[in-house]
1. Give the residue list of trypsin sites (Lys or Arg not before Pro) in the stretch A:61-133 that are DSSP loop and have at most 10 other beta-carbon atoms within 10 angstrom.
2. Net charge within 9 Å of residue A:63 by Cβ-Cβ distance, Lys/Arg positive one each and Asp/Glu negative one each, not counting residue A:63 itself?
3. When only DSSP loop residues count, what GluC sites (Glu not before Pro) in the stretch A:68-103 have their Cβ near at most 16 other Cβ atoms within 10 Å?
4. Is it possible to state the helix-based mean residue ellipticity at 222 nm for the protein assembly as shown, with each DSSP H run of 4+ residues giving -39500 (n - 2.57), the sum divided by total residues, to the nearest 500 deg cm²/dmol? What is it?
5. Once amide H atoms are placed 1.01 Å from N in the peptide plane, what residues at a sequence separation of 5 or more from residue A:69, or on another chain, have their amide H within under 5 Å of its amide H?
6. Net charge near residue B:16: determine it from the other residues with C-beta under 11 Å of the C-beta of residue B:16, scoring Lys and Arg +1 and Asp and Glu -1.
7. Roughly how large is the A-B contact in terms of buried accessible area, totalled over both chains, probe 1.4 Å, nearest 100 Å²?
8. How many percent of the accessible area of the stretch B:1-81 is carbon or sulfur, using a 1.4 Å probe?
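The values are calculated or read from the model by the stated rules, or taken from the named source; none is laboratory data. What you see is a predicted model, and the numbers here were worked out from it, not measured in a lab. Positions of Cβ are backbone-derived with ideal geometry, glycine not excepted, and every protein chain shown enters the neighbour counts. SASA here: full protein model, heavy atoms, side chains in, ligands and nucleic acids out. Shrake-Rupley method; radii C 1.70, N 1.55, O 1.52, S 1.80 Å.
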2 protein chains.
Amino acid sequence: MKYANREEFEKVDNFGVGAPNDAYAQYFQGNSFLKPLTEFGKCPVFLANVTFEPRCRNNWHIHHAKSGGGQLLICTAGEGWYQEEGKEAVSLTPGTVITIPAEVKHWHGAKADSWFSHIAVEVPGEECKNEWCEPVSDEDYNKLG
Amino acid sequence: MKYANREEFEKVDNFGVGAPNDAYAQYFQGNSFLKPLTEFGKCPVFLANVTFEPRCRNNWHIHHAKSGGGQLLICTAGEGWYQEEGKEAVSLTPGTVITIPAEVKHWHGAKADSWFSHIAVEVPGEECKNEWCEPVSDEDYNKLG
């Protein structure tokens, strides 16, 4: 279900909208928010709820790893998109789980007319490093939907 | 919110009720269901949605590991309980995330009057092995709530 209104969306986003995602803002178009769900360093798997305002999406990026690595997306509220390079975008709704393998170029974010949240699960691996690439152009983004 | 009725519960359990959890039935009181959310062996982190009928709970158990290990619970629908040995039981509602460290004896399950689902995240580690102990007695369980 789509939520254009932030207050209505927050009522169904059980994991909570966190603080402005300042550390990664340079790699996002629009405003995103980050709420850690595990204590950093206390657990080998880091979880955070990531919230995107309508139209917000991250740049194309790649999770590099020598072994393991990548990310899982657990979609919890609103509606969004996930796209791997060379493939059609996949619609994300609550209940969708996406396995993003290491070394695959991709992006994710909200739909144009809805707020969206997913829990991001950082998959442990060796020598994990993110490579941030170009933004998803308005031209490409506007074709979706 | 509590759901005594399975059909009503299934409408809000976005990740889906899976198949009867036969492999682990011997370690559970009551009926539970398991729906894998990642392909086994394709990702170093295994996720599954676990659903408990009202009163269903697993036995006291311990996730042993030489390093890493343990489990994360992401509560998605209905209401349940999580308890570590020697501590008060914690109420679980959608949005609750529990970090279960390795080597800590604990149990989890539904409340007496509600279906309950959580996503279980298996935290990778070395020499991971579960030790299943005694059931949670009706006497102890009935004190909760």
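1. Numbers: sites: A:66, A:87, A:105, A:111, A:129; in loops: A:66, A:87, A:105, A:111.
Answer by residue number: A:87.
2. -2
3. On the way: sites: A:79, A:84, A:85, A:88, A:103; in loops: A:79, A:85, A:88, A:103.
Of the GluC sites (Glu not before Pro), the ones in loops of the stretch A:68-103 whose Cβ has at most 16 other Cβ atoms within 10 Å are A:85, A:88, A:103.
4. Working: 4 runs with 24 residues, N = 290.
It comes out at -2000 deg cm²/dmol, rounded to the nearest 500.
5. Answer set, sorted by chain and number: A:125, A:126.
6. Values: positive: B:35; negative: B:10, B:13.
Residues close to residue B:16 contribute a combined charge of -1.
7. Numbers: alone 7690 and 7680 Å², together 13710 Å².
Counting both chains, the buried surface is close to 1700 Å².
8. Details: 1860 of 3740 Å².
It is 50 percent, rounded to a whole number.
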